[in-house]
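Here's the structure we're looking at; comments come further down.
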Amino acid sequence: MITDLPTVRFAGLDPAGAETVVLLIEPELALGSQARAIDKKTGGQLTRAAKSAGFNGKRKTVAEVLGASGVDHSRILMVGRGPSAGASNQGLIDLGGQIMALLQARKSAKATVVAEGASGSLDANDAADLALGLLLRGYVFDRYKTKREEGEGAPVRPAITIAVKAPDAAAEQFERRKALADGVTIARDLVNEPANVLGPVEFAERAAEVAELGVEVEVLDAEAMDALKMHALLGVAQGSVRPARMVIMQWFGAENRRQKPVAFIGKGVVFDTGGISMKPAKGMEDMKGDMAGAACVAGLMHALAARKAPVNALGVIGLVENMPDGNAQRPGDIVRSMSGQTIEVINTDAEGRLVLADALWYVQERFKPKMMVNLCTLTGAIMVALGKEYAGLFSNNDRLATWLEEAGAATAEKVWRMPLDPAYDKEIDTKNADMKNVGGPYGGACSAAAFLKRFVGDVPWAHLDIAGTAMGSNRSDTNDGWSSGWGVRLLDRLVQDHYES
Ligand code: BES
Ligand code: MN
Ligand code: ZN
């Protein structure tokens, strides 16, 4: 079950008959043809209202005309498009987000957005990006609300008509944006879902739904993982009554099925209590989102398959619950990972790296991917370093790192490169085993990355620490919720720009 988004359809430029109309206005109050026509029919009410409100079309400003005479629109919203929106597509996506926020605040059930500036109609691509922004901001996680406060209607998922010169071309461009928006929605839903509802088994079932789009899905149960010797991952799961799962999703979109895949690997800790090294109570509820890396991979696989991306892509997620029962792993335990390397578990709360150690090794051994990117809410330390604006990027490959930085700038899912350095690697040496699962007191995101690197060979690899960006992150024009769905747009873009045939 995916949360419903607002609906979007495309029609010709003339908004005749619409009750609520949104007009994009450029600086110096430059009006497009439809806005000019409405202004004329109403005897200049648009320009008068704009002047009284001091509105002139600057970005992030709005002026509103209610009950204008001479037209059948009961509400007209003039939204500042600003000079820059046309220049970057992220600007248009953000503008769509701003418009959705305005409509939701007014509880508008239906609206027509005239996708036209002073110099004419938006082209198909730009209109589709505006629509993507509307969808992304239109996400509301409300499935557990059975009652509402007095006077508060159901949250609005407006039905939007986008008025544009070439509606059919825009609708066609919109299809891949819809695939992307659905992928983001899947990721957000999974992160928002509480852990009593979403254990490893339930997560695996939801991820497996992508099979409907032609993705080949395998689910490994604990027994299968035991046979593969994934004892680092299984050690984390052993304190929970809910068994671990690993989901393998393969999309064969390239011409040749045997072409090596690009691989995406996600940390899926459905709840992280810390285990025996238990976390303090304050804020622990947020640890239902400790599977955001896995959620992103599930959403990304959906997006790629739904838009029939011409690429072979692999998604692998390790799903466990980190709990402290009588069978839980203890500090000091030594586990043998699938790679054969042994790990002394100093702190059972550094569990994500134990899950990824086996997932990364498995992906390399079995699939020999072209490259791999893992995503994980891995450390609090990455938030100390970068706050909530950037995700941490660690990579053994400069080209891949640059591509990710570029995709991040293009999608506003920004990454900042952090060091992989032998000095951090030394921190995890221990006399009792090949390594321990924590480093020193400082630079915790870097020693965590050094740990993961010990499970990666020569393959181009990037590790994204998304603890600050995937949940409770900064609100933006396109995301007003706790869970952002971070990474789906970034990686879809990376694939599109560099790995499609
Ligand atoms: N899931 C947490 C990291 C985290 C913290 C994500 C806050 C999102 C918000 C991870 O498993 C963890 O507990 N990391 C420890 C590592 C430490 C024990 C070396 C941390 O960051 O404190
Ligand atoms: Mn933890
Ligand atoms: Zn964790």
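FYI, it's all coordinate maths here, none of it is from the lab. These numbers come from a predicted model, not from an experiment. Please note: Cβ atoms are built from the backbone with ideal geometry, for glycine as well, and neighbour counts cover all protein chains shown.
Packing, as the average of other Cβ atoms within 10 Å across residues, places the peptides 94-105, 325-336, 183-194, 288-299 in the order 288-299, 183-194, 94-105, 325-336, highest first. In region 142-228, with Lys and Arg counted as +1 and Asp and Glu as -1 at Cβ, which of these residues, A204, M225, T161, has the Cα nearest the positive end of the dipole, that is, farthest along it? Ranked along the dipole, the leading option is T161. Once you reduce region 232-302 and region 130-201 to the center of their Cα atoms, the two points are 23 Å from each other. Taking a temperature of 4 °C and a viscosity of 1.567 mPa s, what whole-number D in µm²/s does Stokes-Einstein yield for region 368-422 with Rh from Kirkwood over alpha carbon pairs? My calculation gives 107 µm²/s for D. Modelled this way, with points 7 Å down the Cα-to-C-beta line, the labels at Y442 and A105 are 4.4 nm from one another. Here the label points at R9 and D221, each 7 Å from Cα along the C-beta direction, are separated by 4.7 nm in the simple model. Once both labels are positioned 7 Å from their Cα atoms along Cα-to-Cβ, the gap between N327 and D458 label points is 4.2 nm. Candidates I99, G70, G43 compared by Cα position along the dipole of region 42-105: farthest toward the positive end lies G43, with charges placed on Cβ. Stokes-Einstein diffusion of region 17-176 at 4 °C, 1.567 mPa s viscosity, Kirkwood radius from Cα pairs, rounded to a whole number: 81 µm²/s. In summary, the lysines within cross-link reach of K279, defined as a Cα separation below 30 angstrom excluding same-chain residues under 8 places away, comprise K145, K229, K267, K288, K388, K414, K426, K431, K436, K453. Note on the chain: percent of Cα-Cα distances in each 20 Å bin, starting at 0 and stopping at the bin with the largest distance, equals 24, 49, 23, 4, 0. Here the dipole of the chain is about 920 debye; that uses its Cα centre as origin and unit charges on the Cβ of Lys and Arg (positive) and Asp and Glu (negative).
Sorted largest first, the principal axis extents computed over the alpha-carbon atoms of region 330-434 equal 45, 34, 22 Å. Taking other C-beta atoms within 10 Å as the exposure proxy, E175, E26, E413, E405 rank E175, E405, E26, E413 from fewest upward.
Distance between the C-alpha centers of region 417-438 and region 439-494? Whole Å please. Taking the Cα centre of each part, region 417-438 and region 439-494 sit 19 Å apart. Of the peptides 435-442, 74-81, the ranking by mean beta-carbon count within 10 Å, highest at the top, reads 74-81, 435-442. Placing unit charges on the Cβ atoms of the charged side chains and taking the dipole of the chain about its Cα centre, the candidate lying farthest along the positive direction among A450, A115, A127 is A115.
Given q = 0.26, 0.31 Å⁻¹, what are the Debye log10 I(q)/I(0) values for region 449-501, with equal point scatterers placed on the Cα positions and solvent ignored? The Cα Debye sum returns log10 ratios of -1.01, -1.13. Remark: relative contact order (region 217-288) = 29 percent; criterion is Cα-Cα distance under 8 angstrom and separation of 6 or more residues.
Projecting the alpha carbon convex hull of region 382-501 along each direction and taking the average yields 8.4 nm².
Taken about its Cα centre, region 1-40 carries a charge dipole of about 120 debye when Lys and Arg each add +1 at the Cβ and Asp and Glu each add -1 at the Cβ. Remark: relative contact order (region 293-450) = 23 percent; criterion is Cα-Cα distance under 8 angstrom and separation of 6 or more residues.
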